[in-house]
Amino acid sequence: MEEESLLEEDAEPPGGRTCIEQQEPGRETAAEDRGVPVFPAVHQARFPVESSSREKAFRKHFFPHTNQKEWKDWQWQMRNRVCDLRSLERVIVLSDDEREAFQNASASLPLAITPYLLSLIDPSDPLQPLRRTVVPTIQEQTRKWGEENDPLNEDDHSPVPAIVHRYPDRVLFLVSEFCSSYCRYCTRSRRVGRAEKGGGTVDRWKQGIAYIAAHPEIRDVLLSGGDPLTLSDDKLEWLLGSLRGIPHLEMIRIGTKVPAVMPMRITSDLVKMLRRFHPLWMSIHMTHPDELTESTARACERLADAGIPLGSQTVLLAGINDDVETMKRLFQGLLTMRVKPYYLYQCDPIPGSSHFRTPVARGIEIIRGLRGFTSGYAAPSYVIDAPAGGGKIPLLPDYVVGREDGYLLLRNYEGRLFRYPDMQDGES
Ligand code: SF4
């Protein structure tokens, strides 16, 4: 069956749509005649939209024999990922730090970038935020103190190969070790993009499903990896159907970066299939406002229209998104795409991550700059996933200043002090 395309060649951008009756100046409409107010048409973009003309120009220049239909086919995107130095050099001018990364890359996370994502990358600026997230540099090969291959100690909480069981009522199900593009700061860089270990995927899935079925305390499963949305519809459907057959499993979540790096994967067939497995939630990995393109907006729209609640997960990255203005643009833009900013993560100390990590104080400063200054929905929870498997620990600015005469002393977002009469247990 032919997929309905994600974005028609001449499709009007979402921000350009008019849902309110348009009116020529000076002419009254039938609605106004009836006394119904008519509002002027709204034409502003609802989010920072990157024009799809950039994608088209990129395709025509670097893939001149590829038409728009092929470009919008996610399997074409997968087949044409850039995975080696020679292909990358065809598209961008490498800096010395980037070129050196390839000289001793055998131990590193592999390189893979979808053509779509490459079209968003600045070919001449090695410091462009999106470029830094996917193009390796020599800094990755320097291991600093405190860095670990498995900083969250997931392997020690893994009763069967595909499952990480750290919290009492929920598990992580690692369904694949494959992603369409590899993030240089990936927490699971020890596994993703490498050969499968411990048997084929289906055997591992069966073991994982059996483990969940045998543990009635598990009510929530997060499918992650790797990226579950790089699986075919058939495989994903089989997996979701098997999980839905477990009576005590209340909800299924999918963690993915696909809407940001290969939005054409969100086909109408995929969402038709996904909506059969509700309650199904999705956590989308988003890093920077440059990812908020028209194509990503359409992908999120499809998922949200299928009734899938969308949340985002963002890793705090030095020089990429570690300032209030960038985060505000990202989180406010996500809300316009019906994605609730869910978690802001302190970057995990994987080997070679020191150039990505910020002081924790920077994250707290960002949360302080968001709370009260933008919609509460736009402020995610800032967490450290504690080393050695301690789980997520939330971090907040100090809004509670102390106590005085039964009052709690609080500081608001503007720095002003307030007193709240805080009754103690047993007081009336
Ligand atoms: S998409 Fe997720 S799993 Fe894949 S490389 Fe990026 S962070 Fe890692």
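Values in this text are rule-based calculations from the coordinates and carry no lab data. Since this is a predicted model, take the numbers as computed values, not measurements. Every residue, glycine as well, gets a Cβ built from its backbone with ideal geometry; the counts of neighbours run over all protein chains shown.
Here the residues E294, E301, E404, ranked from fewest to most Cβ neighbours within 10 Å of their Cβ, fall in the order E404, E301, E294. When each of the peptides 66-75, 97-106, 179-188 is scored by how many other beta carbons lie within 10 Å of its residues on average, the order from highest to lowest is 179-188, 66-75, 97-106.
With n ≥ 4 as the cut-off for DSSP H runs, can you work out [θ] at 222 nm for the chain, using -39500 (n - 2.57) per run divided by the number of residues, rounded to the nearest 500?
Details: 15 runs with 120 residues, N = 428.
Using -39500 (n - 2.57) per qualifying helix, the result is -7500 deg cm²/dmol.
Here D169 and Y413 are evaluated by their C-beta separation; at R0 = 35 Å the FRET efficiency comes out at 0.55.
Placing a pseudo-label 7 Å from each Cα along the Cα-to-Cβ vector at F373 and Q75 gives an inter-label distance of 4.8 nm.
Would you mind ranking S53, S283 so that the residue whose beta carbon has the fewest other beta carbons within 10 Å leads the list? Don't jump to the answer; show the numbers that get you there.
Numbers: S53 9, S283 21.
Final ranking by Cβ density, sparse to dense: S53, S283.
Between the C-alpha center of region 132-211 and that of region 334-371 there is a gap of 20 Å.
Sequence-ordered 3J(HN,Hα) estimates for region 385-401 from the Karplus curve with 6.51, -1.76 and 1.60 and θ = phi - 60° stand at 7, 5, x, 6, x, x, x, 6, 10, x, 10, 9, x, 7, 8, 8, 8 Hz, glycine and proline given as x.
FRET efficiency for the R190 to S428 pair, using the beta carbon distance and R₀ = 51 Å, is estimated at 0.35.
Would you kindly state how much longer the chain becomes between K206 and I393 on full extension, computed as 0.36 nm times their sequence separation minus their alpha carbon distance, in nm to one decimal? Don't skip to the end; give the middle numbers.
Numbers: separation 187, 0.36 × 187 = 67.32 nm, distance 3.18 nm.
Stretched fully, the K206-I393 segment lengthens by 64.1 nm.
Computing Rg and the Kirkwood Rh from the Cα coordinates of region 52-141 gives a ratio, Rg/Rh, of 0.98.
DSSP beta bridges in the chain, what fraction antiparallel, as a percent rounded to 5?
On the way: 18 of 47 bridges.
Beta bridges within the chain, antiparallel portion: roughly 40 percent.
Stretching the chain fully between V400 and S232 yields a gain of 55.5 nm (0.36 nm per residue, less the alpha carbon separation).
Over all Cα atoms in the chain, the spread is summed up by Rg and Dmax: 23.7, 78 Å.
Computed from backbone phi with θ = phi - 60° and the Karplus coefficients 6.51, -1.76 and 1.60, the 3J(HN,Hα) list for region 152-166 is 9, 6, 5, 4, 7, 10, 10, x, 9, x, 8, 10, 10, 10, 10 Hz; x is used for glycine and proline.
Relative contact order, percent, of the chain when contacts are C-alpha pairs under 8 Å separated by at least 6 residues? Kindly include the intermediate steps, with their values, before the conclusion.
Working: 746 pairs, mean separation 65.1, N = 428.
Here the relative contact order equals 15 percent.
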